[in-house]
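> Once you've had a glance at the structure underneath, I'll fire off some questions.
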Amino acid sequence: MAASANPEVKLLGIWFSPFVLRARIALNLKEVQYQFLEEQLGTKSDLLLESNPVYKKMPVLIHEGKPVCESLIIVQYIDDVWAGSGTTLMPTDAYERAIHRFWTVYVDDKLYSSFLDSIMRYRTDEAKAEAEEQAVAALQLLEETFDKISKGKPFFGGDTIGYLDIALGSFLGWIRAAEINGLKLLDHARIPLLCAWAEKFCNNEAVRAVIPDTMKLAEFTKVLRSSYQNRLPPAK
Amino acid sequence: MASEKGVTLLDFWVSPFGQRARIALAEKGVQYEYKEQNLVEKSDLLLKSNPVYKKIPVLIHDGKPVCESLVIVQYIDEVWSDKAPLLPSDPYQKAQARFWADYVDKKVFDCGTRLWKLKGEEQEAAKKEMIEILQLLEAQLGDNKYFGGDTFGYVDVAFIPFTSWFYTYETCGNFSIEAVAPKLVKWAKRCMERESVKTLYDPNKVYEFVCYLKKKFGVE
């Protein structure tokens, strides 16, 4: 489902960002045509600075000239606006919605930070191993959660990809890239349900079209890490 | 109309995050049982209800726990939807409200903590940052009665508990919030006239609490 030039819906993003990916997957699931405006690494366009003056970050969805910022807010907005189209992203039950929202907080907090530590921010090999363990522990907790809330269905959202699927699934490209670079995260022995879920998620039409190439991400991770390390003050 | 049976809130008196839940419940007229928690020796109920973070607030509705203050506020708004809507119905306005509540979440508490905990240059930096944060929020408020426009809404609920901490920030940082963000101070006073907010506002108690924390952490 390639982005088509619909001037009413623009998305500011960049190929590797999992947060941008969330918005793209949501737009695809809702069958919304949009114009993808790719930013260049290292510079911020005038449009980005104007549309997201608070954080100056991607993604930004610009709908009928009005910007929406923060990936999960964008996903909920897409679900609200195009409510009649494609599949519904948020659960219909208020308690289930609260559960999905709680776990997206966890994903963006614990999983994301330990994952980033394990691929980029670690200082020593010990720190790297510890971060990897923390990321695995977070995934294990999500495995238990999946068991509870999917109720035997393929996704956290049930039969179709939902809000929490998008929030977590957007990291799968990076997780697979990290595995190419030597980390062990998607362990079938430890998290079999999530491994099966990951396959289904990545093979979904709405995701396949936009998920970044694993090899490209694996190479890019190395570039990011060395640039990050170069910018750090020397370790005490 | 949604059932009001069996609503419990696990909370800690001074927590601005817990106060968000209390304000939302009060705005909706929901009867609930308030259970003050000991955060040093956590209760079995708290550990069972929030095993992931072991933190307050936790809303327990008909035995089912909801955690994370803004998740709780949205849940309250959706379940008790017949009264005092907190989030706007328009999708764009809703997205804006979520954005600014999230901004408060990301910025205010963390910067405030640095302001009272740190000294010297680091404290000065935190103070500068706090002024920027407050001025940005004031610009967002504009000439509106509330962040929600004419009605008290989601962003108001998210931010108002932190105004109890203004006196502490001012005293520790040696500056006046009224001088840098006068409209915000007027907004705070307006909110404090609401039944749901007035009993929670206690800047002196907050300051006492922070002084106790400072002693405990050896800050001076």
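The values are calculated or read from the model by the stated rules, or taken from the named source; none is laboratory data. Predicted model only: the values in this text are computed from it and were never measured. Methodologically, a virtual Cβ is constructed for each residue, glycine included, from the backbone with ideal geometry; neighbour enumeration extends over all protein chains shown.
> What do you reckon, is A:ILE25 surrounded by 21 or more Cβ atoms within 10 Å (Cβ to Cβ) and within 13 Å of chain B (Cβ to nearest Cβ)?
no
> In addition: Do any helices (runs of 4 or more DSSP H) entirely within the stretch B:148-220 hold 2 or more residues that are within 19 Å of B:VAL73 (Cβ to Cβ) and touching a helix residue (DSSP H, G or I) at 6+ places or on another chain (Cβ under 9 Å), and if so, which? Spell out how you get there, then give the answer.
Details: elements: B:154-159, B:166-173, B:177-180, B:182-192, B:195-198, B:203-217.
Hits in the stretch B:148-220: B:154-159, B:182-192, B:195-198.
> Residue by residue through the stretch A:76-97, note down the ones that are within 10 Å of chain B (Cβ to nearest Cβ) and either of a type outside the set (A, V, I, L, M, F, W, C) or under 19 Å from A:GLY169 (Cα atoms) (or both).
Going through the stretch A:76-97, the residues within 10 Å of chain B (Cβ to nearest Cβ) turn out to be A:76-83, A:93-95, A:97.
Passing the criteria: A:GLN76, A:TYR77, A:ILE78, A:ASP79, A:ASP80, A:ASP93, A:TYR95, A:ARG97.
> Would you mind stating whether A:GLU143 is of a type in the set (Asp, Glu), within 12 Å of chain B (Cβ to nearest Cβ) and touching a residue at least 40 places away in the same chain (Cβ under 8 Å)? Quick ask: steps written out before the conclusion?
Details: of a type in the set (Asp, Glu): yes; within 12 Å of chain B (Cβ to nearest Cβ): no; touching a residue at least 40 places away in the same chain (Cβ under 8 Å): yes.
Judged against the criteria, A:GLU143 is not a match.
> Would you check if B:ALA125 is out of contact with any strand residue (DSSP E or B) (no Cβ under 7 Å at 6 or more places or on another chain), over 24 Å from B:TYR201 (Cβ atoms) and in the same structural domain as B:TRP187 (by the TED database)? Walk me through how you get there before you give the answer.
Details: out of contact with any strand residue (DSSP E or B) (no Cβ under 7 Å at 6 or more places or on another chain): yes; over 24 Å from B:TYR201 (Cβ atoms): yes; in the same structural domain as B:TRP187 (by the TED database): yes.
Here the answer is yes, as B:ALA125 does meet what is asked.
> Scan the stretch A:31-64 residue by residue and report those that are within 14 Å of chain B (Cβ to nearest Cβ), over 27 Å from B:LYS107 (Cα atoms) and not hydrophobic (A, V, I, L, M, F, W, C). Even if it seems obvious, please write down each step before you answer.
From the stretch A:31-64, those within 14 Å of chain B (Cβ to nearest Cβ) are A:32, A:51-57, A:59-64; that's our starting set.
Now restrict to residues that are over 27 Å from B:LYS107 (Cα atoms): A:32, A:64.
The one that is within 14 Å of chain B (Cβ to nearest Cβ), over 27 Å from B:LYS107 (Cα atoms) and not hydrophobic (A, V, I, L, M, F, W, C): A:GLU64.
> Now a separate question. I'm trying to understand the selection: among the residues of the stretch A:117-139, which are within 19 Å of the chain's Cα centre (by Cα) and surrounded by fewer than 18 Cβ atoms within 10 Å (Cβ to Cβ)?
A:ARG121, A:GLN134, A:ALA137
> So A:ASP117 passes all but one of these: (1) closer than 24 Å to B:HIS61 by Cβ; (2) at pLDDT below 95. Which condition number does it fail?
(1)
> Which of the residues spanning the stretch B:81-96 are part of a loop (DSSP other than H, G, I, E, B) and not basic (Lys, Arg)?
B:SER81, B:ASP82, B:ALA84, B:PRO85, B:LEU86, B:LEU87, B:PRO88, B:SER89, B:ASP90
Okay, residues lined up against (1) more than 17 Å from B:PRO161 (Cα to Cα); (2) aromatic (Phe, Trp, Tyr); (3) in the same structural domain as B:ALA101 (by the TED database); (4) modelled with pLDDT under 95:
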residue	(1), (2), (3), (4)
B:PHE12	no, yes, no, no
B:GLY18	no, no, no, no
B:GLY29	yes, no, no, no
B:ASN38	yes, no, no, no
B:SER43	yes, no, no, no
B:PRO65	yes, no, no, no
B:LEU70	no, no, no, no
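> Taking A:PHE102, is it crowded, with 16+ Cβ neighbours inside 10 Å, closer than 12 Å to A:LEU183 by Cα and in the same structural domain as A:GLU219 (by the TED database)? I'd like the intermediate steps shown before the answer.
On the way: crowded, with 16+ Cβ neighbours inside 10 Å: yes; closer than 12 Å to A:LEU183 by Cα: no; in the same structural domain as A:GLU219 (by the TED database): yes.
Criteria not met by A:PHE102.
> Which members of the stretch B:54-69 meet the condition of being within 8 Å of another protein chain (Cβ to nearest Cβ) and either surrounded by 20 or more Cβ atoms within 10 Å (Cβ to Cβ) or under 19 Å from B:ASP105 (Cα atoms) (or both)?
B:HIS61, B:VAL66, B:CYS67, B:GLU68
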